[in-house]
Amino acid sequence: MQLWFSRGSEISIRDQLQTQVILGILSGELEPGQRLPSTREMARRFHLHPNTVSAGYRQLQQGKWVEFHKGSGVYVRRPDAARRPSALELDQLITDFFRSARKTGIPLAQVHDRLRHWLEMQPPDHYLLMENDDALARIIREEIRQVVNLPVTACAYDKASVDKMLVGSIPVALAMSAPAVRETLTADAELLVLQLRSAGNSLAAYLPARSGSLIGVASGWPTFLKTARTLLIAAGFEPDCLVLRDTSQANWQRGLKQCAVVIADTLTGQRLDGTCRVITFSLLADSSLKELREYQRFIQDPLGP
């Protein structure tokens, strides 16, 4: 890495060293784990006082940019999730943003207006699931609620409902509903699109089918019942061995205790807890659950890890 030092500058040599090393790390020129010149090497190469170099390295260590290995030297610190970005990092990000905006030809006044708009906005304080199927929405809402600590509401995605519900929300929709949902949103509105779990992969551990075993399927979402039945029959289960129960109907638990296992959605699984052996099938993919958690972490602590 090339370094420069100005002895006639109002900025101390120590600060010049610190700044250049940090910029080298941010730009990728200095990679995690890379060894820096020793205090003696640096002093000799640039005709600096060893104490000045040592003080600069100590400041970098305090800022968690470098680490000292006893008997080995000074190394660029490997990523540490606990370290928050410094003012210099933020300045670099802002500089990159303005440079990108300039390249696109966007007028500076427009950039300022949009920045002011975003800075004045209140951060969202709840998730809004946009789904027209009430039974499906109840299940997805519960699955979201289990992985986030913000409130979760739901609404149909007709224009009349959406305009009022969107205020202060993080809109989310299932992938299969997303195209229709986007039509009700403004062009610049953000939408988190959630993917469904692969039913085949999730059931693979329970296959092949055991001959003659009664298998229960319970849900308040008709599509869950229909899809599960189709998959189980395709996997080799006899239709007569499947006990389907719609939780919206009276006495829906009848016969489930006699089943070897009951496959249920998240909400129904909670209602069956302890009454029989239950395989709770979550509808949302793990990747979508992770995205929900990460998005919440970002809006609650934008400078966090």
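Quick notes on this structure:
- Residue within region 247-258 that is of a type in the set (Lys, Arg) and within 22 Å of Arg138 (Cα to Cα) present: no
- Qualifying residues in region 152-173 (those that are part of a loop (DSSP other than H, G, I, E, B) and either touching a helix residue (DSSP H, G or I) at 6+ places or on another chain (Cβ under 7 Å) or closer than 24 Å to Thr223 by Cα (or both)) - the one modelled with the lowest pLDDT: Asp158
- Residue count for region 174-196 satisfying the condition of being at pLDDT below 80 and under 23 Å from Asp246 (Cα atoms): 0.
- Considering only residues in region 229-243 that are of a type outside the set (Gly, Ala, Ser) and surrounded by fewer than 16 Cβ atoms within 10 Å (Cβ to Cβ), the one that is farthest from Leu214 (Cα to Cα) turns out to be Thr230.
Residues are listed down the side, and each one gets a yes or a no for (1) assigned to a helix (DSSP H, G or I); (2) over 23 Å from Leu90 (Cβ atoms):
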position	(1), (2)
Arg7	no, yes
Ile11	no, no
Leu17	yes, no
Gln20	yes, no
Ile25	yes, no
Glu31	no, no
Met42	yes, yes
Thr52	yes, yes
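- Residue count for region 221-260, restricted to those that are under 35 Å from the mean Cα position of the chain (by Cα), modelled with pLDDT of 90 or more and of a type in the set (A, V, I, L, M): 1.
- Qualifying residues in region 59-88 (those that are farther than 22 Å from Ile13 by Cβ and either touching a Cys at 6+ places or on another chain (Cβ under 9 Å) or at pLDDT below 80 (or both)) - the one surrounded by the most Cβ atoms within 10 Å (Cβ to Cβ): Pro85
- Scanning region 272-299 for residues that are under 18 Å from Phe224 (Cα atoms) and free of Cβ contacts under 8 Å to residues at least 24 places away in the same chain yields a count of 2.
- Selection of region 54-69 for residues being among the charged types (D, E, K, R) and without any contact (Cβ under 8 Å) to a residue 12 or more places away in the chain yields Arg58, Glu67.
- Scanning region 131-144 turns up no residue that is outside any loop (DSSP other than H, G, I, E, B), farther than 22 Å from Pro222 by Cα and touching a residue at least 40 places away in the same chain (Cβ under 8 Å).
- Pairs, first surrounded by 14 or more Cβ atoms within 10 Å (Cβ to Cβ) in region 249-271, second among the acidic types (Asp, Glu) and part of a helix (DSSP H, G or I), C-beta under 7 Å, six or more apart: Thr266/Glu142; Thr266/Glu143; Leu267/Glu142
- Screening region 212-228 for residues that are polar (S, T, N, Q) and within 21 Å of Leu283 (Cβ to Cβ) and picking the one that is surrounded by the most Cβ atoms within 10 Å (Cβ to Cβ) gives Ser219.
The values are calculated or read from the model by the stated rules, or taken from the named source; none is laboratory data. Note that the structure is predicted; figures quoted are calculated from it, not measured. Neighbour counts are summed over all protein chains in view; Cβ atoms, including those assigned to glycine, are modelled from backbone coordinates with ideal geometry.
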